[in-house]
Amino acid sequence: MDVLTLSRFQFALTVGFHYLYPPLSIGLGVMLVLMEGLWLKTNRPVYHQMARFWTKVFALTFAIGVATGIVMEFEFGTNWATYSRYVGDVFGSALAAEGIFAFFLESGFLALLLFGWNRVSRGMHFFATCMVCLGAHFSAVWIVVANSWMQTPAGYHLVTRDGVTRAEITNFWELVFNPSTVDRLTHTVGGAWSSAAFLVVSVSAWYLLRRKHLEFARASLKVGLSMALVASLLQAVTGHFSAQGVAKNQPAKLAAFEGLYPTTSNAPLTVVGWVDETHERVVGLQIPNLLSFLAHDNFHAPVTGLNEFKPEDRPPVQASFMLFHGMVGLGCAMMVIAALGFLYFRHGSLHERRWLLWILVFSVLLPQLANQCGWFAAEVGRQPWIVYKLLRTSEALSAMVKANVVLTSIILFSLIYLLLFAVFLYLLNDKIQHGPDEADLTPSGKLALPRREQPAH
């Protein structure tokens, strides 16, 4: 393989592995705020126990996420030096803002979150939890801002000095609120909430199946299913608006997502199928007119097809189509599972339906797969541009990097990431098998005896 293919594969490997963890950290931050807030409101010991247990899981995902995220920043300089020079002013500003407004906020209060139990007041600890949650979301904001600028550049001009062209910021807030930022941010955050919610649901369902930690499992399941349902519905809404933004700003991407070659009025939406690229058509189950409505709020509106673009300016169609429909299908499955679980839980009969509990256990995989499909669909669908209509991916490589060097780094990264993933699964499984600490049922760390068993003074 050539150096371009290998470099793209290397970045896909590192970003794909890293992206397993930030969504969990962001979503678990919200879950911790909810759990600790419920403890403060109700004073029920089980919510204190929940907050303590899930804080340990949050710490694990945060640590792995930080370790794997650093690698990608080095790759910009090693493999994509031309790209780094081209967007350094833009990307540097966004990443600096992440460090100042997000990472320092999150890590600054992390010590209080992890070690402040019984050392600071309840209110101060809850404030620290909120700040960690806010910092995690700020991190998502600036990363999505930087990536969205690559999709829909705004607030810049091009400057050429000594034969080198680079983008420079002319309006910082236009950069921040470029045409795709808000839609992509809300959709990304919804995916993060889903990841954490289904993790909580999965572990809680496992405890119910094993008849362990029953009070903890029921309380945790209540919070998890509620968040899973809200996040799944939010994903459907934000996904709709995001698709409309793609139709407006990146019509070739939307056409690739649906395998649409001719510009078509009353365009159908494909439910399931594949693209016959030889005959430039989709084979599968389609709903007439629905794509036109989803893209333009009009059943008869024309949707731009791939034939409007030169072949060299079209994204990889089959990959874009499959990734996009995989994301949508997984999102629909999450809505159904969350709704079923929530309804049976409300009726008090969820524990009787072991088949559904088993589905809830394995549902933890769905948001992770959906997040990966969505991220790769967005990036593959932008091709052949690394910065949309400004810089091609093939022009963004470092001049001096050789294919054999990249291949060697891919092999080493793969081995290290497999080891890290094994360590993560081992530690996560160890925490799950251990379960919540009974000593966390009271803020003092001591089990409360029933009143009649209290020792006499």
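Just so it is clear, none of the values below were taken in a lab; they were calculated from the coordinates. Computed from a predicted model, the values in this text were never measured in an experiment. Quick reminder, even Gly has a Cβ in these numbers, built from the backbone with ideal geometry, and neighbours come from all protein chains shown.
Assorted remarks:
- Single condition Gly329 does not satisfy, out of (1) surrounded by 17 or more Cβ atoms within 10 Å (Cβ to Cβ); (2) among the small types (Gly, Ala, Ser); (3) under 30 Å from Val201 (Cα atoms): (1)
- Checked against the criterion of being surrounded by fewer than 18 Cβ atoms within 10 Å (Cβ to Cβ), acidic (Asp, Glu), free of Cβ contacts under 8 Å to residues at least 12 places away in the same chain and at negative phi, the candidates Glu395, Glu352 yield just one match: Glu352.
- Number of the exception - Pro153 against (1) surrounded by 18 or more Cβ atoms within 10 Å (Cβ to Cβ); (2) part of a helix (DSSP H, G or I): (2)
- Here the condition is being in contact (Cβ under 8 Å) with a residue 12 or more places away in the chain and in a helix (DSSP H, G or I); of Ala97, Ala63, it holds for Ala97 alone.
- Any hit, the range 390-398, residues being charged (D, E, K, R) and part of a helix (DSSP H, G or I): yes
- Test for Glu36: is it part of a helix (DSSP H, G or I), surrounded by 21 or more Cβ atoms within 10 Å (Cβ to Cβ), among the acidic types (Asp, Glu) and in contact with a Gly (Cβ under 8 Å, 6 or more places away or on another chain): no
- When residues in the range 402-432 are screened for being under 25 Å from the mean Cα position of the chain (by Cα) and among the hydroxyl-bearing types (Ser, Thr, Tyr), 3 of them pass.
- Here Ile386 clears all of (1) touching a strand residue (DSSP E or B) at 6+ places or on another chain (Cβ under 8 Å); (2) assigned to a helix (DSSP H, G or I) except the condition numbered (2).
- Residue list for the range 229-256, restricted to those being of a type outside the set (A, V, I, L, M, F, W, C) and part of a helix (DSSP H, G or I): Ser232, Gln235, Thr238, Gly239, His240, Ser242, Gln244, Gly245, Lys248, Asn249, Pro251, Lys253
- Taking (1) out of contact with any Leu (no Cβ under 9 Å at 6 or more places or on another chain); (2) closer than 22 Å to Ala102 by Cβ; (3) in contact (Cβ under 8 Å) with a residue 24 or more places away in the chain in turn, Ala140 satisfies each apart from (1).
- Candidate set: the range 279-314, residues that are part of a helix (DSSP H, G or I) and of a type outside the set (A, V, I, L, M); chosen: the one surrounded by the most Cβ atoms within 10 Å (Cβ to Cβ): Ser292
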